Amino acid sequence: MVATDAEAHATSDPEAAWHQRFDSAPIEIEVNDLTIRYGETTVLRGVNLDIRKNEIFGIIGPANSGKTSLLKALNRMDMFTPGMNVQGRIRINGCDIQTVKNVYALRRSIGVVFPLPVGLPLTVFENVAFAPRLGGVKDQAELDIIVERCLRRAALWDEVKDRLDSLGSFLSGGQQQRLTIARALSQDPNILILDEFSIAVDPVTTMRIEDVLKELRKEMTILLVTNLVQQARRLADRTAFFLNGECVEIGMTECLFTRPVLDQRTKDYIEGRCG
Amino acid sequence: MNPVEFAPRSFQRNRDWYIDHVVQGVVFIAGISAIVFIVGIFIFITKEGMGFVLEHVTFRDVFGSMYWEPSDEDAPDYGILALVAGTASVSGLAMIVAIPFSLGAAIFIAEFSSGATRESLKVLIELLAAIPSVVWGFIGLSILNPLIMRLFDVPVGLNVLNAGLILGLMAAPIMTSIAEDALKAVPDRYREAAEAMGATKWQVTFRVVLPAAKNGLLGAVLLGVGRGFGETMAVLMATGHSVNMPDSVFDSVRALTATIAAELGETARGSDHYGALFAIGIFLFMITFVINLSADLIVRGVKNS
Amino acid sequence: MNPFEVTGINTTNKRTQALFRLLFMMMTLLLILPVIIIMMTLVYKGGSVVTYDFLFSHPTNGMTAGGIFPALFGTICLVTVALVVSVPIGVAAAIYLSEYASDNWLTRLINLSIVNLAGVPSIVHALFGVGAFVIFFQFGTSILAASCTLAVMTLPVVIVATRESLQSVPMAFREACWNMGATRWQTIRRIVLPNSISGILTGVILEVSRTAGETAPIMFTGAVFFTPFLPQGVMDQSMALSLHLFVLSTQVPGVPEALPYGVALVLISIVLIMNSASIAFRMYLRGKKKW
């Protein structure tokens, strides 16, 4: 059961609204006692999370608080990261990702957008057709449909439809970031992860991407790591605050801003006094 | 517009997964091939040469004698002292020529030139390093030989001086480019810090850059020594190739490498002479191995610090 | 008083500076000039010999006259077979080192072996070629044995050039692909290799230039002083340009003076042209990045 935005906002109590929308939703990502180390340094310790299906889950916190490491662990990028050691259990859709037989298929179900946009040195078309091709789509007509759909949904189609053959790495920063989102969507993911996507993007593009995300929440679970506290407030249903490798607090986003929070450190960060 | 449906999602292994693992296995085998070849080189030259070393000679026969007469049918001599002296004298002279010049050139390229000059000098040095050793040997034989005879009024121009100069010119470009890399590896902030305190370019070079790059420069010198030591065709053609303990730079000598090159074709497989040449090979292999190993360790030390 | 006024110390420093610059420049020139003079001598003395006939006819009169075609052709054969052997191994090894290997003792051992493989004297490679390819694998003295020896010897050139070229592809591209669920191999084939293939080619051209000039490793493994026949297959022996130069200048009596100069000129031209091509290609690529 997914309620629309309008319904959600109609309810005055954010907590009740969340329960109304997500209590019946299955748990998409479940993180149990997750600890991540690089060699001797512990970057994340004892994190517990559960993210519901179709929820936008925000993560805020200063640099070096272990946010990016969590994302890496989620799609098993620790495999390719020398020295990274992950302990604890992560289940996606009830499936323990440490025991997944084919991590590549797992990653295909998770779309990732990086802080800095990465346009692959391929044409715009091939950038978006990359993941479907990996998935075995060969038919050109089918690829055309996928590419157009993904570019439209990433609000990029109108800008690039006449130059699908130019290099993706030569687009402007904001366009490349939307290209990256289109690429993530082309994987047809269940989960979309955005890691501080607005760092290298101008405010107008940021707002356009935020609108895109509001649309996408109907179809997928979104994990939004952001450096902008207000962005979390605009988008996220629930938000977690990370500090120095610890998950300090998880709460209904509105509650974090409007009600007394459990931990003083959260309050300090939100009000700009630390981090 | 109809949304395109993907195949139902499963995390089972598929063709791509297996291909990836096969490729990983194949490139791994290729990756360790370098180790296999190095070990193979040691095993195969030892296999051919060890019999001779174990059965026929003592340490003193080889390293205590300067007579190399392996083809004497009654009493062959396998003393390599003269050959070692030949190699050492030629390499030594080559280093005396090459070290100051290549370090000077490296300093000029890295610290005192810029832009197009720098680029073209680097290209030129790279091209010089590419000249084949047999061409160098030919140059020693046909250009340097008459030149030395005329300039110094000596009967033979194929001697330590000739080979040393040739080898020096050969080793210098390589040493220059490695030394230049070492100098460039010194972070610019060192230079900037010194220049901000009012030091001039040469003060910066001598007080800051050279001390900071000294390991890399030492590595460059060692690699040059290794190169000189192992050079074959040029020393074969330019030394005069006569077994001799050199007294002066105008004496002809014979080098370890050149001996193998000159005599391997004339020996029967399995004979003592044949085994002796492979034994020299083992000796050369081990010496260059040690030289390269220490050069590598020294240069690596720079990178780590 | 003007605080920036030139003082005595400053002028001394300036003069020393100029002096040192001059000294180092002289050293550089002394390194380069003799070689240029030598090269000009080669061109001057050998230039008149090198004609179309010289390149494409057989040696006659006990090698004291005629051309160098069998040697030229033999060198081309030797280099080609050596490339066929070493390029696949070298590129695969570089892919392993750059894309798969983690920083552990094995990788360090491989790197050490590569450094040593490049540093082992060429005559020791020749002994290895005799022991391994000629005798143990029973290739006999043949192009195959000689080329395998050359391949082992020049393997470090391909590995190092390829690895550098692979590593110049930014890590972010790989991570983007991996995050989309591409396997390592799919990432390499679709993104990394297409963007480094020209760098690899540069390395291969460099290897051609190295291989063509080598003499010692082929002397006892497959190259011969003289044969009237062109090789018919990889198990045949063959002449080679580098060995031909050695033979003409040391082993054959009564060779006219200009002949070895001509051979040296041809050999060095091949090597330097290949090398320059590699350098020019590298510079062209530097100005033509896709990111």
Original post:
Picking from C:I143, C:I135, which residue would you name as being modelled with pLDDT of 90 or more and surrounded by fewer than 24 Cβ atoms within 10 Å (Cβ to Cβ)?
Top reply: C:I135
Original post:
Which residue pairs have Cβ atoms under 8 Å apart, sit 6 or more places apart or on different chains, and have a first residue in segment A:80-97 that is part of a loop (DSSP other than H, G, I, E, B) and a second that is at pLDDT 85 or above and among the hydrophobic types (A, V, I, L, M, F, W, C)?
Top reply: A:G94/A:I27
**OP:** Looking only at segment B:136-147, count how many residues are surrounded by 15 or more Cβ atoms within 10 Å (Cβ to Cβ) and free of Cβ contacts under 8 Å to residues at least 12 places away in the same chain.
**Re:** 2
Original post:
Of C:T64, C:T60, C:T51, C:T11, which residue is more than 7 Å from chain B (Cβ to nearest Cβ), touching a strand residue (DSSP E or B) at 6+ places or on another chain (Cβ under 6 Å) and at negative phi?
Top reply: C:T60
**OP:** Keeping to segment A:152-186, report how many residues are among the β-branched types (V, I, T) and within 11 Å of chain C (Cβ to nearest Cβ).
**Re:** 1
Original post:
Restricted to segment B:103-132, and to residues that are more than 7 Å from chain C (Cβ to nearest Cβ) and within 17 Å of the chain's Cα centre (by Cα), which residue is farthest from C:A264 (Cα to Cα)?
Top reply: B:L103
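Kindly evaluate A:T226 against the criterion of being farther than 30 Å from A:A105 by Cα, surrounded by 21 or more Cβ atoms within 10 Å (Cβ to Cβ) and touching an Asp or Glu at 6+ places or on another chain (Cβ under 8 Å). Before you say what the answer is, go through the steps one by one.
Working: farther than 30 Å from A:A105 by Cα: no; surrounded by 21 or more Cβ atoms within 10 Å (Cβ to Cβ): yes; touching an Asp or Glu at 6+ places or on another chain (Cβ under 8 Å): yes.
For A:T226, the condition - farther than 30 Å from A:A105 by Cα, surrounded by 21 or more Cβ atoms within 10 Å (Cβ to Cβ) and touching an Asp or Glu at 6+ places or on another chain (Cβ under 8 Å) - is not met.
Out of C:L206, C:L230, which single residue is outside any loop (DSSP other than H, G, I, E, B), in contact (Cβ under 8 Å) with a residue 40 or more places away in the chain and either within 13 Å of chain B (Cβ to nearest Cβ) or within 30 Å of C:S122 (Cβ to Cβ) (or both)? Please lay out each step first, then the result.
Details: C:L230 fails: outside any loop (DSSP other than H, G, I, E, B).
Result of the check over C:L206, C:L230: C:L206.
Given the options C:S269, C:S249, C:S238, C:S198, name the one that is within 14 Å of the chain's Cα centre (by Cα) and among the hydroxyl-bearing types (S, T, Y). Reasoning before the result, please.
Working: C:S249 fails: within 14 Å of the chain's Cα centre (by Cα); C:S238 fails: within 14 Å of the chain's Cα centre (by Cα); C:S198 fails: within 14 Å of the chain's Cα centre (by Cα).
Exactly one residue qualifies, and that residue is C:S269.
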Subject >> segment A:132-160, subset among the basic types (K, R) and surrounded by 13 or more Cβ atoms within 10 Å (Cβ to Cβ), residue farthest from the chain's Cα centre (by Cα) >> reply: A:R133
**OP:** Look at C:P217 and say whether it is surrounded by fewer than 24 Cβ atoms within 10 Å (Cβ to Cβ) and either closer than 30 Å to A:A73 by Cα or more than 7 Å from chain B (Cβ to nearest Cβ) (or both).
**Re:** no
Original post:
What single numbered condition from (1) more than 26 Å from the chain's Cα centre (by Cα); (2) charged (D, E, K, R); (3) surrounded by 24 or more Cβ atoms within 10 Å (Cβ to Cβ) fails to hold for B:R150?
Top reply: (3)
Subject >> Positions within segment C:239-255 being surrounded by fewer than 24 Cβ atoms within 10 Å (Cβ to Cβ) and of a type in the set (S, T, Y), in sequence order >> reply: C:S249, C:T250
**OP:** Name the residue, out of B:G115, B:G157, that is out of contact with any helix residue (DSSP H, G or I) (no Cβ under 9 Å at 6 or more places or on another chain) and modelled with pLDDT under 90.
**Re:** B:G115
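For segment C:193-203, which residues satisfy the criterion of being away from chain B (no Cβ under 13 Å) and touching a residue at least 40 places away in the same chain (Cβ under 8 Å)? It would help to see each step written out before you state the result.
The first filter runs over segment C:193-203 and keeps only residues away from chain B (no Cβ under 13 Å), leaving C:194-201, C:203.
Within segment C:193-203, C:N195, C:S198, C:G199, C:I200, C:L201, C:G203 meet the criteria.
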**OP:** State all residues of segment C:124-142 that are under 17 Å from C:A82 (Cα atoms), of a type outside the set (A, V, I, L, M, F, W, C) and more than 20 Å from the chain's Cα centre (by Cα); if no residue qualifies, say none.
**Re:** C:G140, C:T141, C:S142
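The values are calculated or read from the model by the stated rules, or taken from the named source; none is laboratory data. These numbers were taken from a predicted model, which means no experiment stands behind them. FYI the Cβ positions are ideal-geometry reconstructions off the backbone, even for glycines, and counts take in every protein chain you see.
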